[in-house]
Amino acid sequence: MVQFGGHHLGINVTIAGPHAVLTPSLPAAQPATYTLNGQTIRPLGAENDKGFTLINALDKAQQAKAILNYQVRDLVLGPTEDGKTIQPEGIPVSELNASQQNLLLDVAHEWVGMLNDAAAAERMAEIRANLLKTWFAWSGSTRNGELAYYRIQGPTILIEYAPQQGDLDHIHTIYRDPTNDYGSSLAKK
């Protein structure tokens, strides 16, 4: 196992033979946008934009289910919350059409894809196998560029995206596997 961390990055990688686990990991950014050599850099830009694409692909009835009736301004299951679970909220992915489900998988791949291609494919297969037991929740505006939090929660995945306390320039995310954080299922017993 390798752990690498700092204030806005916490990566835990467990490798056992051909298997790799990248949970829990906390990719974060502050500032969330900056300019380098004349180019605008957005470290979590795809995670942000794909989340907004997904929520806006839902029809009004689906959005009414997905959008929480309270504001979330921080990670719910972030650092120090190892081993904890919460009741799924929002809309079950089983109520999304195939195109919307593919958008959700594309969002999830932003985190899962940090692994090498073979390990990422293995994780995505697990997520697909449990897709109909997965939930999508949203809090905040549905307009890109405004404050919003979202969560993807299923049997083998938990992803949260959260601007910290109303600051669009300070983003935390968490990627967990409730069944395999720190590669616990890979450990020989």
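The values are calculated or read from the model by the stated rules, or taken from the named source; none is laboratory data. What you see is a predicted model, and the numbers here were worked out from it, not measured in a lab. Neighbour counts run over all protein chains shown; Cβ positions are idealised from the backbone, glycine included. For the accessible areas, the whole protein counts, side chains as well, though only heavy atoms, and no ligand, DNA or RNA atoms are used. Shrake-Rupley method; radii C 1.70, N 1.55, O 1.52, S 1.80 Å.
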Review point. By how many nm would the segment from residue 167 to residue 109 grow when fully extended, if each residue of separation counts as 0.36 nm and the alpha-carbon distance is taken off?
Key: 18.4 nm
Check your understanding: Long-range amide H contacts for residue 81: which residues qualify at under 5 Å (H placed 1.01 Å from N, peptide plane, sequence gap of 5 or more or a different chain)?
Key -> none
**Study point:** Estimated dipole of the stretch 4-118 in Debye, rounded to 20 [Cβ of Lys and Arg +1, of Asp and Glu -1, Cα centre]
**Key:** 180 debye
**Study point:** Radius 15 Å from Cβ of residue 62, net charge of other residues (Lys, Arg +1; Asp, Glu -1)
**Key:** -1
Practice item. Using a 1.4 angstrom probe on heavy atoms only, work out the carbon and sulfur share of the accessible area of the chain in %. Key: 53 percent
Review point. Which of 148, 162, 119 moves most in a GNM of the chain, Cα contacts under 10 Å?
Key: 119
Exercise for review: Compute log10 of I(q)/I(0) for the chain with the Debye formula, placing one identical point scatterer on every Cα and leaving out solvent, at q = 0.12, 0.15, 0.19 Å⁻¹, to two decimals.
Suggested key: -0.56, -0.88, -1.40
Exercise for review: Given the options 142, 40, 156, state which has the largest fluctuation in a GNM of the chain using a 10 Å cut-off (strictly under) for Cα springs.
Suggested key: 40
Point to revise | residue 141 - accessible surface, heavy atoms, 1.4 Å probe, Å² rounded to 10 | key: 30 Å²
Check your understanding: About the Cα centre of the stretch 102-189, what is the dipole size in debye to 20, counting +1 per Lys and Arg Cβ and -1 per Asp and Glu Cβ, all else neutral?
Key -> 420 debye
Study note, to complete from the structure: So residue 64 and residue 187, fully extended at 0.36 nm per residue minus their Cα-Cα distance, gain in nm 40.1 nm
Review point. Just for the stretch 60-151, what percent of DSSP beta bridges are antiparallel, to the closest 5?
Key: 75 percent
Review point. Between the stretch 1-54 and the stretch 103-156, how many Å separate their Cα centres?
Key: 14 Å
Check your understanding: How would 132, 115, 103 line up by accessible area, probe 1.4 Å, largest first?
Key -> 132, 103, 115
Point to revise | Distance (nanometres) between label positions extended 7 Å along Cα→Cβ at residue 117 and residue 132 | key: 3.1 nm
Practice item. Between 164, 87, 63, find the one with the highest GNM mean-square fluctuation for the chain; connect C-alpha pairs within less than 10 Å. Key: 87
Check your understanding: Where both partners of a DSSP beta bridge lie in the chain, what percent of those bridges are antiparallel, to the nearest 5?
Key -> 95 percent
